[in-house]
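*Asks:* Pasting in a structure now, in structure tokens, and then I'll have a few things to ask.
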């Protein structure tokens, strides 16, 4: 079985290969791994938008993408909650990925928050193509991560099953609260 991170990467690769000319969102660029995975895919011809509130994360991501054509992506030093300021409501979104929690190697007191994540997820889900997915890697092993996890699960359990499939992928017999994945797919 794959761990949460490997599973999210597998899902992301499938999405990029399916919608190679689509629009993708990296809601938490962090160190740039997910957006790099999107734009460096040999089939990718679309555009990727990367968001992060921390300037260091944007710098880390720029460094990771230094050999990639900058016309293929846009990096935005702002909260993913403000996605509507940067992406018009008529833009079709094919996939999105979020690694929630804090910046690896960064300040652990700066974390994603349930309210901002849900605001972003709601915007994206309204513009998601049929078969498109939002992938959330949830780190609930710290206090704010547990709160965010509960908020997200509560909100997503209310999504219409006629419009969306919402799935969790997690190990239930492991210590230390390993991350888990939530996948939202438009039907």
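Coordinate-derived values only; no laboratory data. Since we're looking at a predicted model, the values are computed, not measured. Heads up, the Cβs are rebuilt from the backbone with ideal geometry, glycines too, and the neighbour counts pull from every protein chain shown.
*Asks:* Over the stretch 4-186, what is the relative contact order in percent, taking alpha-carbon pairs closer than 8 angstrom and at least six residues apart?
*Replies:* Result for the stretch 4-186 is 21 percent.
*Asks:* Taking N as the number of residues in the stretch 12-82, what value does Rg over Cα atoms divided by 2.2 N^0.38 Å take?
*Replies:* 1.00
*Asks:* Multiplying the sequence separation of residue 5 and residue 157 by 0.36 nm and subtracting their Cα-Cα distance, what value in nm do you get?
*Replies:* My answer for the length gained is 52.5 nm.
*Asks:* Another one. Let's test the formula: R0 of 45 Å, r as the Cβ-Cβ distance of residue 72 and residue 172. What FRET efficiency results, to the nearest 0.05?
*Replies:* 0.70
*Asks:* Using a simple spin-label model with points 7 Å from Cα along the Cα→Cβ vector, what separation in nm is obtained for residue 18 and residue 129?
*Replies:* 1.0
*Asks:* Now a separate question. Rounded to the nearest 0.05, what FRET efficiency do residue 63 and residue 113 have when you use their Cβ-Cβ distance and R0 = 22 Å?
*Replies:* 0.25
*Asks:* In nanometres, what is the gap between the two model label sites at residue 56 and residue 88, each 7 Å from Cα along Cα-to-Cβ?
*Replies:* 3.7
*Asks:* Then there's this: Length gain on complete extension for the stretch residue 42 to residue 147, per 0.36 nm per residue less the alpha carbon to alpha carbon distance?
*Replies:* Working it through step by step, the gained length comes to 34.0 nm.
*Asks:* How much of the DSSP bridge set in the chain is antiparallel, in percent, rounded to the nearest 5?
*Replies:* Values: 13 of 30 bridges.
Percent antiparallel among DSSP bridges in the chain is about 45.
*Asks:* Mind checking the log10 I(q)/I(0) for the chain at q = 0.11, 0.14, 0.18 Å⁻¹? Debye, one equal scatterer per Cα, no solvent, two decimals.
*Replies:* Log-scaled intensity ratios, in q order: -0.43, -0.72, -1.26.
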